[in-house]
Amino acid sequence: MTWFRKHGLPSGYGVLLEGPKVRLRPPAEVDFRAWRELREASRSFLLPWEPTWPSDATTQIAYRVRLRYNAREWRSDQSYGFFIFRREDGQLVGGVTLGHVRRGVAQAASLGYWVGAAHQRRGYMTEALALLIEQGFGPFGLRRIEAACLPENAASRGLLIKLGFREEGRAREYLKINGRWQDHLLFALLAGDPRRGVR
């Protein structure tokens, strides 16, 4: 019995990505406690860069809703969400998503990511995104991966550039982050672009 079946993940939901430092897999019910602890411990670190958290943001009910949504989006080829675990001890360190998948003439998706405050600047996110990008341009069949970040988020901007993304412009009031409509810098990486990653 595979890990995915054992933990009740749906058919076709068993992608596991591994690099030297991290392992990526879809979230499961068994991850709730680690996810809640990491999100709560990182609340003040994450709030400036995320949509406003609802009052029940880290409850088990909200987590289960997220799991169902993630599985449904995965099965319908709309979004692919993963948790990031440190390989040495299985510690949850963050999450990454290829979302808003557009097929047909686009073959594109949007990149989203977050890391716990205690795990920033250790190379985990760089490796995790490199693995996800390879999966996106490989088995997921994408041609273009897009990303956006707040202009003042130097760490996120630097990460995208390090991975080979090119800045394409600025979108006014692009997303409502931390309670305010805010401008974002827009980035994209094409399947044929040079990039740094885990191969």
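Every number here is computed from the coordinates shown, using simple stated rules; none is lab data. What you see is a predicted model, and the numbers here were worked out from it, not measured in a lab. Please note: Cβ atoms are built from the backbone with ideal geometry, for glycine as well, and neighbour counts cover all protein chains shown.
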Checklist entry - Which one of A154, A188, A57 has the biggest mean-square fluctuation once the chain is modelled by GNM with Cα springs under 10 Å? => result A154
Next on the checklist: For the stretch 73-199, compute the orientation-averaged projected area of the C-alpha convex hull (one quarter of its surface), in nm².
Outcome noted: 8.6
Checklist outcome for this item: Given unit charges at Cβ for Lys, Arg (+) and Asp, Glu (-), the dipole magnitude of the stretch 80-199 about its Cα centre in debye, nearest 20, is 120
Checklist outcome for this item: Given all pairs of distinct Cα atoms, the stretch 3-146 yields a Kirkwood Rh in Å of 15.7
Checklist entry - Please identify the GluC sites (Glu not before Pro) of the stretch 18-118 that satisfy two criteria: DSSP loop assignment and at most 14 other Cβ atoms within 10 Å. Which are they? => result E88
Checklist entry - For the charge dipole of the stretch 123-182, defined by +1 on Lys and Arg C-beta atoms and -1 on Asp and Glu C-beta atoms about the Cα centroid, which residue among L129, A147, W181 has the Cα displaced farthest towards the positive pole? => result W181
Checklist entry - If eta is 0.692 mPa s and T is 37 °C, what Stokes-Einstein diffusion coefficient results for the stretch 33-93, Kirkwood Rh from Cα pairs, in µm²/s? => result 250
Item to check | Residue of S55, S79, S44 that the Gaussian network model of the chain assigns the largest fluctuation, springs spanning Cα pairs under 10 Å | outcome: S55
Item to check | Sequence-distant residues sharing a close amide H with E50 (under 5 Å, placed H) | outcome: N178
Checklist entry - Tell me, what is the percent relative contact order of the chain, built from C-alpha pairs under 8 Å that lie six or more residues apart? => result 19
